[in-house]
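J.: Pasting a structure below so you can have a look.
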Amino acid sequence: MLYYIAQFLQQFFGPFRLLQSYAVLIILALYAGFFFTVFLLPRFYKRLPKDRGREFSVNAEAAMGKPTGSGVVFISIFVGLSFLFTPLSVMQIAMLACTWLAMLTGYLDDKAVHSWGEYLKGALDLALSVGTSLIVLYVGFKGEVHWWLPFTSARVAVHPALFVLVSSIVLWVSINTTNCTDGVDGLSGTLVLVALIFLGIIFYFLLGHSRIAEYLLVPHLPSGASWATIIFGLSGVLMGYLWHNAFPSKVLMGDAGSRALGFFIGVCVLVSGNPFLLLLTSGMILINGGTGLLKVALLRFFKIRILHNIRFPLHDHMRKNLSWSPTQVLLKFMIMQVLITLAVFGAFFKIR
């Protein structure tokens with residue numbers, strides 16, 4: 001909105017180049033997201049549902065009674081700021097709407113007296129993932145998709161059916177692994193923040209600049225800078241949430257926050273044109289939450305028992321079996337995520 005206001009006013013008062021610079025818009029979105037969330041979130045504590053505790057989770061009693069579902073607040077702030085600071089395309093508006101919808105399904109579960117259950121939530125996540133994949137395919141890519149892949153400079157044409165299948169899996173996995181990682185104060189938020197910062201850098205500095213994209217043998221994304229503005233706006237909002245969620249936390253994001261954050265990361269990965277970016281940006285989230293999902297799925301549907309001596313999500317194993325403190329879990333998982341990202345970075349951006 002500010003971008004278009006500046007374009008309108010320059011007809012009468014001369015150029016407003018600062019408000020037409022994506023670098024400036026990114027900074028404004030990040031700081032506005034942080035300060036708005038830090039100030040507004042505590043005002044909603046009394047109106048938020050109370051945490052019921054997670055079954056089989058380590059020290060679940062420590063979270064019981066705390067305000068949860070705060071994703072309804074900070075995701076709403078994020079969507080509003082995106083409209084304010086970013087010149088949005090139709091596809092970006094649709095993705096913000098879907099992100100808010102992912103938040104809403106999580107919030108209604110947070111607010112419910114009895115949990116909706118794994119199967120219902122999984123089915124809702126799947127429906128949202130398939131619908132979003134179709135929107136990205138036909139609104140964003142106009143029905144023609146080319147992926148750029150690691151270890152090669154070639155762009156690969158992708159059949160629409162394959163794109164919808166892979167994209168739906170990426171979104172569903174991102175939603176649920178991020179949700180599973182939300183169990184230690186600050187952990188999920190910090191790992192998502194690391195993922196968002198790397199995604200923002202990739203969209204702005206690599207995909208958003210034609211010369212750099214050509215040099216790195218990746219496609220130039222004309223809307224890369226506007227996506228970066230949205231991503232850094234969410235980063236600022238998430239920093240504001242972590243201000244109150246740092247151990248010992250005063251508020252929890254709940255499914256309203258974790259599902260929306262996981263969904264948005266998945267969306268950014270799809271828009272980038274490289275589904276493998278999920279491994280680069282969210283490696284520890286996938287390891288922490290995905291291994292637990294795999295263990296449960298194999299046992300429940302195929303009666304195959306694996307890793308029976310390890311608790312999942314993995315952060316519960318570290319706390320229960322290795323006696324890590326919440327702070328140790330947070331810092332060590334964050335360090336491992338940064339190391340994973342740096343280790344595989346060269347595979348995704350093959351420099352000539």
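A short reminder: the numbers here are calculations on the coordinates, not readings from a lab. Predicted model only: the values in this text are computed from it and were never measured. FYI the Cβ positions are ideal-geometry reconstructions off the backbone, even for glycines, and counts take in every protein chain you see.
J.: Test of understanding: extend the Cα→C-beta vector of residue 123 to 7 Å, then name every residue of the range 155-177 with backbone N under 19 Å from that spot.
T.: Output list for this probe position: 169, 172-173, 176.
J.: Let me ask something additional. Using only Cα atoms, find the angle between the long axis of helix 22-40 and the longest principal axis of the chain, and express it within 0 to 90 degrees, rounded to the nearest 10.
T.: 40 degrees
J.: Peptides 35-47, 330-342, 300-312: what's the order by average Cβ count within 10 Å, highest mean first?
T.: Ranked from most to least packed, the peptides come out as 330-342, 35-47, 300-312.
J.: Scan the chain and hand back the longest stretch that contains none of the GluC sites (Glu not before Pro) lying in DSSP loops with at most 13 other Cβ atoms within 10 Å.
T.: With GluC sites (Glu not before Pro) excluded where exposed in loops, the chain gives 145-352 as its longest stretch.
J.: Here's another thing I want to ask about it. For the range 172-302, what does the relative contact order come out to in percent, with C-alpha contacts under 8 Å and a separation of six or more?
T.: 40 percent
J.: Let me ask something additional. Hey, which of these cross-link pairs are over 27 Å Cα-Cα: 111/250; 50/332; 121/332; 66/332; 111/303?
T.: 50/332; 121/332; 111/303, as the Cα separations exceed 27 Å there.
J.: Rounded to the nearest 0.05, what FRET efficiency do residue 305 and residue 343 have when you use their Cβ-Cβ distance and R0 = 35 Å?
T.: 0.65
J.: Got the relative contact order for the chain handy, in percent, Cα pairs under 8 Å and 6 or more residues apart?
T.: 25 percent
J.: Could I ask something else about it? Quick one: length gained pulling residue 246 to residue 93 fully straight, 0.36 nm per residue minus the C-alpha distance?
T.: Working it through step by step, the gained length comes to 52.0 nm.
J.: Name the aspartates and glutamates eligible as straight-distance cross-link partners of residue 46: C-alpha to C-alpha under 17 Å, and not fewer than 8 places from it in the same chain.
T.: 110
J.: Please arrange 159, 244 by how many other C-beta atoms lie within 10 Å of their C-beta, fewest to most.
T.: Lowest count first: 159, 244.
J.: Okay, next question. Report the FRET efficiency, 1/(1 + (r/R0)^6), for residue 112 and residue 45, where r is their Cβ-Cβ distance and R0 is 25 Å, rounded to 0.05.
T.: 0.85
J.: Run the helix sum for the chain: -39,500 (n - 2.57) per DSSP H stretch of 4+ residues, divided by residue count, reported at 222 nm to the nearest 500 deg cm²/dmol.
T.: Helix contribution divided over all residues of the chain: -20500 deg cm²/dmol.
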